[in-house]
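**Student:** So that we are looking at the same thing, I have put the structure below in structure tokens.
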Amino acid sequence: MKGNLIILAILTVQALCALFFVSDILFSVLGIYVRPIAWRTREYLEIGAALGLILGLVLGAVALQRMARERHRAVEKLRRASGVFNELLEERFAEWGLTTSERDVALFAIKGMSTQEIATLRKTAEGTVKAQTNAIYRKAGVSGRPQLLSLFIEDLMEESPGTSPAVQTPGVAAKAVPLAKVG
């Protein structure tokens, strides 16, 4: 809150000084006579304008530096999240026992590419890609791309690996948790 008041004060000083100087120039250009102000007051106004400009310059530099730091933090967070997602993909692919070709197809499918696009990229027939995607779905225990993608989204949404409650996705076998007998 204090920082906002300081910024508001600097902007107010700059606005008043700008208004004074612009009006002074306009009155001179338009030939409008205004009673001159005392030289001491004029000097104070000019000092205030110079200080306002300097403070504005400093404020702008601080804001740019802060934005650069925040951008760096955001880029770093994105890099970490990307790394975590790649680790998660590799972990799941290994867990499901996907072949190298199936891993490629699964990655392209997760990225949202169509069967035709995947076949073109891999230089294989669409039928081959369809067979590979069916094998991937079977190994992952899902019935299609949306469920495959949801497995990864659920894993990423966990607070920390292995701490979220078991959520059963249709077509995916949930781990059985024994219930204690009450009695």
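Please treat every number below as a calculation from the coordinates, not as lab data. Fair warning: this is a prediction, and the values are worked out from it, not measured in the lab. Positions of Cβ are backbone-derived with ideal geometry, glycine not excepted, and every protein chain shown enters the neighbour counts.
**Student:** Ratio to report: Rg/Rh of the chain, with Cα atoms as the point set and Rh obtained by the Kirkwood method; give two decimals. Show your work: numbers first, answer last.
**Tutor:** Details: Rg = 32.6 Å, Rh = 23.2 Å.
Answer for the chain: 1.41.
**Student:** In what sequence, highest mean first, do 80-93, 119-132 appear when ranked by Cβ atoms within 10 angstrom?
**Tutor:** Per-residue mean Cβ counts within 10 Å order the peptides as 119-132, 80-93.
**Student:** Relative to the longest principal axis of the chain, what angle (0 to 90°, nearest 10) does the C-alpha long axis of helix 145-157 take?
**Tutor:** Compared with the principal axis, the helix lies near 60 degrees.
**Student:** For the chain, take the longest principal axis of its alpha carbons; what is the angle in degrees between that and the long axis of helix 2-30, to the nearest 10 within 0 to 90?
**Tutor:** It is inclined by approximately 50 degrees.
**Student:** Express the relative contact order of the chain as a whole percentage, based on alpha carbon pairs under 8 Å and six or more residues apart in sequence.
**Tutor:** The value is 14 percent.
**Student:** Continuing with the same structure: Taking 45 Å as R0, compute the FRET efficiency from the Cβ-Cβ separation of Thr120 and Leu11 and round it to 0.05.
**Tutor:** 0.20
**Student:** Could you order peptides 21-33, 136-148 by the average number of other Cβ atoms within 10 Å of their residues, highest first?
**Tutor:** With the highest mean Cβ count within 10 Å placed first, the list reads 136-148, 21-33.
**Student:** Report, in deg cm²/dmol and to the nearest 500, the calculated mean residue ellipticity at 222 nm for the chain, where each DSSP H run with n ≥ 4 adds -39500 (n - 2.57) and the sum is divided by the residue count. Let's see the in-between values first.
**Tutor:** Details: 6 runs with 134 residues, N = 183.
That calculation yields -25500 deg cm²/dmol at 222 nm.
**Student:** Here's a follow-up. Between helix 100-110 and the chain, what is the angle of the helix's C-alpha long axis to the longest principal axis, kept within 0 to 90° and rounded to the nearest 10?
**Tutor:** Orientation of helix 100-110: about 50 degrees from the principal axis.
**Student:** Now a separate question. Using alpha-carbon positions, what is the distance between the centroids of region 135-152 and region 27-74, in Å?
**Tutor:** Result: 61 Å between the Cα centres.
**Student:** Still on this structure, I have one more. For region 2-74, just run the numbers: alpha carbon Rg, then divide by 2.2 N^0.38 Å, N being how many residues it has.
**Tutor:** Expressed relative to 2.2 N^0.38 Å, the Cα Rg reads 1.51.
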